[in-house]
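The values are calculated or read from the model by the stated rules, or taken from the named source; none is laboratory data. Since we're looking at a predicted model, the values are computed, not measured. Here the Cβ is made from the backbone with ideal geometry for all residues, glycine too, and neighbour counts use every protein chain on show.
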Amino acid sequence: MTTPQQPLNSGFGAHSTATEVLAGIDLTGKLAIVTGGYSGLGLETTRVLAAAGAHVVVPARRPILATEALGDEAEVAALDLADLDSVRTFADNFLATGRGIDIMVNSAGVMASPETRVGPGWELQFAANHLGHFALVNRLWPALAGREARVVSVSSRGHFYSDIRWDDPQFATGYDKWLAYGQSKTANVLFAVHLDAIGREHGVRAFALHPGAIMTPLARHIPLAEQIANGWADEDGNPVDPSFKSVPEGAATQVWAATSPQLAGLGGVYLEDCEIAEVAGSLEERRGVAAYAVDPASAERLWGLSAQLTGVDLLVSR
């Protein structure tokens with residue numbers, strides 16, 4: 001089977017930093033939106049993009065905290081990805097400014113949360129990690145199309161935990177926090193696959209990625225005892241797994257996806273360690289990307305389901 005998941009030999013790797021992959025790239029005059037851009041990998045992404053000259057807009061569920069974290073490094077606006085009314089308000093307000101978007105990094109997310117229902121009873125991780133970003137990109141489409149824009153979705157190796165549960169995506173028949181996380185991360189990859197397929201004729205290219213294992217506030221829902229049992233942390237919460245990345249290393253792949261000239265003319269692919277990942281030989285391998293996460297038919301099917309659930313579809317509105 002032919003696949004676009006072919007490494008480029010980028011020259012970067014697992015320990016490259018966000019600053020290193022941006023070296024020599026001038027983003028003056030570019031506008032970037034970074035969801036979750038005030039914490040963890042999103043904060044590092046915001047800072048390095050701004051340092052390279054971009055004007056960065058950070059939609060934030062906690063705008064006061066975002067302003068405290070960012071100061072004058074970025075423009076902050078309110079947005080709760082789990083609330084479609086909030087998504088609509090943010091998008092409408094942004095579009096009213098008449099500005100275009102050159103880079104959009106969907107970095108916000110929740111991981112392994114207790115069972116939580118939002119909106120019309122949606123499972124929180126699927127709603128916030130996928131449906132909120134789906135609706136946001138669709139509503140911002142007029143600001144993206146025609147600008148050689150890139151849309152970058154931060155997925156995870158956790159996508160290996162679960163394909164899309166087509167018969168029960170909202171976990172109505174029993175909740176598992178890791179399966180729910182896995183499904184949402186698979187959705188991030190499939191979204192990039194189909195967005196790229198429909199966006200490339202308008203200059204919009206899309207990517208998804210695994211940033212690596214990093215200790216960030218994303219792990220706030222995972223009890224310390226579970227982190228210790230998994231070999232991630234010691235009793236003080238400090239990382240002990242030598243494979244874990246630093247935050248600057250963890251942000252590198254999403255920054256590379258958003259800016260690298262090496263990816264010009266490409267899209268719809270899943271990245272890892274600042275490289276296009278290969279399709280995994282088996283699910284047990286958990287390296288690269290699962291075949292089901294980059295399947296074009298599944299990507300189109302998920303797009304249809306997401307449009308039905310959110311009531312938003314750029315394919316209709318354009």
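Residue by residue through the range 71-94, note down the ones that are over 18 Å from GLY42 (Cβ atoms) and hydroxyl-bearing (Ser, Thr, Tyr).
Scanning the range 71-94 gives a single hit, THR89.
For the condition surrounded by 21 or more Cβ atoms within 10 Å (Cβ to Cβ), touching a residue at least 40 places away in the same chain (Cβ under 8 Å) and not in a strand (DSSP E or B), what is the one hit in GLU44, GLU20?
Sole residue among the options that is surrounded by 21 or more Cβ atoms within 10 Å (Cβ to Cβ), touching a residue at least 40 places away in the same chain (Cβ under 8 Å) and not in a strand (DSSP E or B): GLU44.
Which of the residues spanning the range 29-41 are in a loop (DSSP other than H, G, I, E, B) and surrounded by fewer than 24 Cβ atoms within 10 Å (Cβ to Cβ)?
Selection gives GLY29, LYS30, SER39.
Suppose the filter is in contact with an Asp or Glu (Cβ under 9 Å, 6 or more places away or on another chain) and surrounded by fewer than 19 Cβ atoms within 10 Å (Cβ to Cβ); does THR67 pass it?
No; evaluated as a whole, the condition is false for this residue.
Checking ILE33 against (1) in contact with a Gly (Cβ under 7 Å, 6 or more places away or on another chain); (2) within 27 Å of LYS185 (Cβ to Cβ); (3) of a type in the set (A, V, I, L, M, F, W, C): exactly one of these is not met. Which one?
Of the numbered conditions (1) in contact with a Gly (Cβ under 7 Å, 6 or more places away or on another chain); (2) within 27 Å of LYS185 (Cβ to Cβ); (3) of a type in the set (A, V, I, L, M, F, W, C), the odd one out for ILE33 is (1).
Scan the range 53-64 residue by residue and report those that are surrounded by fewer than 21 Cβ atoms within 10 Å (Cβ to Cβ) and among the hydrophobic types (A, V, I, L, M, F, W, C).
If the condition is that a residue be surrounded by fewer than 21 Cβ atoms within 10 Å (Cβ to Cβ) and among the hydrophobic types (A, V, I, L, M, F, W, C), then ILE64 is the only one that fits.
Tell me yes or no: at least one residue of the range 100-120 is within 18 Å of ASP83 (Cα to Cα), part of a strand (DSSP E or B), of a type in the set (Asp, Glu) and touching a residue at least 24 places away in the same chain (Cβ under 8 Å).
no
Let me spell it out: the conditions are (1) in a loop (DSSP other than H, G, I, E, B); (2) touching a helix residue (DSSP H, G or I) at 6+ places or on another chain (Cβ under 9 Å); (3) in contact (Cβ under 8 Å) with a residue 24 or more places away in the chain, and ALA50 meets all of them except one. Which number is the exception?
The one condition ALA50 does not meet is (1).
With the structure loaded, tell me whether ASP26 is in contact with a Gly (Cβ under 8 Å, 6 or more places away or on another chain), over 15 Å from THR253 (Cα atoms), surrounded by 15 or more Cβ atoms within 10 Å (Cβ to Cβ) and at pLDDT 95 or above or whether it fails that test.
Working: in contact with a Gly (Cβ under 8 Å, 6 or more places away or on another chain): yes; over 15 Å from THR253 (Cα atoms): yes; surrounded by 15 or more Cβ atoms within 10 Å (Cβ to Cβ): no; at pLDDT 95 or above: yes.
No, not satisfied.
Of the conditions (1) touching a residue at least 12 places away in the same chain (Cβ under 8 Å); (2) part of a loop (DSSP other than H, G, I, E, B); (3) out of contact with any Gly (no Cβ under 9 Å at 6 or more places or on another chain), TYR292 clears all except one; give me its number.
For TYR292, the failing item is (2).
Any residue that is modelled with pLDDT of 95 or more and farther than 23 Å from TYR270 by Cβ - is there at least one of those in the range 125-141?
Taking the range 125-141 and keeping what is modelled with pLDDT of 95 or more, we get 125-141.
If we keep only those that are farther than 23 Å from TYR270 by Cβ too, we end up with 139.
Checked against the condition, which is being modelled with pLDDT of 95 or more and farther than 23 Å from TYR270 by Cβ, the range 125-141 yields at least one hit.
Would you please list the contacts, defined by Cβ atoms under 8 Å and residues six or more apart or on different chains, that run from a residue in the range 155-173 that is free of Cβ contacts under 8 Å to residues at least 12 places away in the same chain to a residue that is in a loop (DSSP other than H, G, I, E, B) and surrounded by 21 or more Cβ atoms within 10 Å (Cβ to Cβ)?
Pairs that qualify, where the first residue is free of Cβ contacts under 8 Å to residues at least 12 places away in the same chain and the partner is in a loop (DSSP other than H, G, I, E, B) and surrounded by 21 or more Cβ atoms within 10 Å (Cβ to Cβ): there are none.
Is one or more of the residues making up the range 229-244 in contact with a strand residue (DSSP E or B) (Cβ under 6 Å, 6 or more places away or on another chain), at pLDDT below 95 and of a type in the set (D, E, K, R)?
No - not one qualifying residue is present in the range 229-244.
Out of the residues in the range 104-121 that are of a type in the set (A, V, I, L, M, F, W, C) and surrounded by 22 or more Cβ atoms within 10 Å (Cβ to Cβ), state the one that is modelled with the lowest pLDDT. Break it down into steps so the answer makes sense when it comes.
Here is the first cut: in the range 104-121, the residues of a type in the set (A, V, I, L, M, F, W, C) are 104-105, 108, 110-112, 118.
With the extra rule that they be surrounded by 22 or more Cβ atoms within 10 Å (Cβ to Cβ), the set shrinks to 104-105, 108.
Values: MET104: 98, VAL105: 98, ALA108: 95.
Top of the filtered list is ALA108.
Please go through the range 184-228 and pick out each residue that is modelled with pLDDT under 95, outside any helix (DSSP H, G or I) and farther than 17 Å from ALA251 by Cβ.
So the first thing to find is which residues in the range 184-228 are modelled with pLDDT under 95, and the list is 212-228.
Right, trim to outside any helix (DSSP H, G or I) and you get 212-216, 222-223.
Result: ILE222, PRO223.
Identify the residue in the range 70-103 that is among the acidic types (Asp, Glu) and either surrounded by 15 or more Cβ atoms within 10 Å (Cβ to Cβ) or more than 17 Å from ALA127 (Cα to Cα) (or both) and, among all such residues, is farthest from the chain's Cα centre (by Cα). Show your work before the answer.
Of the residues in the range 70-103, the ones among the acidic types (Asp, Glu) are 72-73, 75, 80, 83, 85, 92, 102.
Checking which are either surrounded by 15 or more Cβ atoms within 10 Å (Cβ to Cβ) or more than 17 Å from ALA127 (Cα to Cα) (or both) leaves us with 72-73, 75, 80, 83, 92, 102.
Details: ASP72: 24, GLU73: 21, GLU75: 20, ASP80: 15, ASP83: 18, ASP92: 22, ASP102: 16 Å.
Result: ASP72.
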